[in-house]
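S.K.: Below is a structure I'd like to ask you about.
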Amino acid sequence: MAPTLSAAWARGAEDLKSGSKKPHHLATPPHIVALILRVRAERQYGPIRICLYLQRFQQVYVSVPTIYKILKRHGVPRVSMKRYRPGPHRRREFTVPGQSVQVDVKHWKLGGRRFYQFTAIDEATRYRVLQISTHNSIPHAIAFLDEVRQRLPMAIPRGQTDNGNEFGTDFTWHLRDLGIAHRHIPPGCPEVNGKVERSHRTDSGRPGSSPRSCGVGNMSTTISGLTSRLPARRRPNASANSRPPSALFRRRLD
C-alpha cells in the first residue's frame, strides 16, 4: 500500500473522501469591477492600459486576463482601432495679430506635374501668404517661412503645422533659432488647423483662384494674402464678424 494511502487510513476515513481538485479563485471585489468599467468608459483603454492605469493612479493591481474577463462578462466591446477623440470643443480664439500662424501644404496636379501650394494664415486677422513650389521638402518649407516673416508686418511668436515630413525636425529647429514656437497638431485631427484647411477648400471651389486655373507659367508666383489678386481681401468673413480680413487687420494693428 502506498505510504500516503496508509497514512490516510491511519488518520481515518474522512481523509479518503473525494474532493474537487479545481483551484478556488477569489472573486474581484465589486468596487474594483466598477472602477475597471468606469476607466474603460471614460478613457477607452484596453486591458493592458487599464492595468497600468490602475497601478499608477489607483494603487490597485488587477491582472490583464482578469480585466479582459470582466470586460467580456459585462459585454463591453473591443476598443475601436480608430483614434479615440472625446469630441469637439471650442478652441481658443486669438485676438493679437501674429500670435499664432497656421501653415499647411496643398497638392495640385497640372499638366502631368505636381505642384505644392504653401499657405500661411494668421489666426487673428486671416491674413494669408501663399507660395507655389515644385518641391515639398523641409528646405522649401523653411524658405516659405522666411517669406512669410517678410510679408507679415508683425512678429510671429508661434507657428502651427500638421505632422508632414516637410515640417520635420530641421524645420522645428529653424523656428526655434528664430524664437518661434512650433506646435504640431495631434495626428488625425486636421480640424485643429481649421482656418488654413478652410482656405484650401475655398481655393479649390472658387473659379480663378486655384493654381489649376492660373496655368503652368504662373505657378512660381508668390501671392500675398491681401493683394488685389486675392478675392478674400474684399469678401466678408463670418469668423471676423462679417468684415473682410483687411478691415479686421487694420483695426487690430491700430
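FYI, it's all coordinate maths here, none of it is from the lab. A quick note: this is a predicted structure, and the numbers were derived from the prediction, not measured. When we count neighbours, we look across all protein chains shown, and the Cβ atoms used for this are built from the backbone with ideal geometry, even at glycine.
S.K.: Could you work out the equivalent-ellipsoid semi-axes for region 27-79, taking the square root of 5 times each eigenvalue of the Cα gyration tensor, largest first, in whole Å?
M.R.: The three semi-axes for region 27-79 are 15, 13, 10 Å.
S.K.: How many angstrom separate the Cα center of region 166-198 from the Cα center of region 101-137?
M.R.: 14 Å
S.K.: If a/c stays under 1.5 just call it rounded; otherwise compare a/b with b/c (prolate if a/b is bigger, oblate if not). Do that for region 34-172, with a ≥ b ≥ c from the square roots of the Cα gyration tensor eigenvalues.
M.R.: Here region 34-172 falls in the prolate category.
S.K.: Report the one residue of Q59, G75, I48 whose Cα lies farthest in the direction of the positive end of the charge dipole of region 27-79 (charges on C-beta: Lys and Arg +1, Asp and Glu -1; origin at the Cα centre).
M.R.: G75
S.K.: Something else: What is the sum of charges around K106, taking Lys and Arg as +1, Asp and Glu as -1, for the other residues whose C-beta is under 10 Å from the C-beta of K106?
M.R.: Local net charge: -2.
S.K.: Moving on. Going highest first, how would you order 64-74, 122-132 by mean Cβ packing within 10 Å?
M.R.: Result, highest mean first: 122-132, 64-74.
S.K.: Okay, next question. Relative to the Cα centre, what is the charge dipole magnitude of region 27-79, using +1 at the beta carbon of each Lys and Arg, -1 at the beta carbon of each Asp and Glu, and rounding to the nearest 20 debye?
M.R.: Dipole size: approximately 140 debye.
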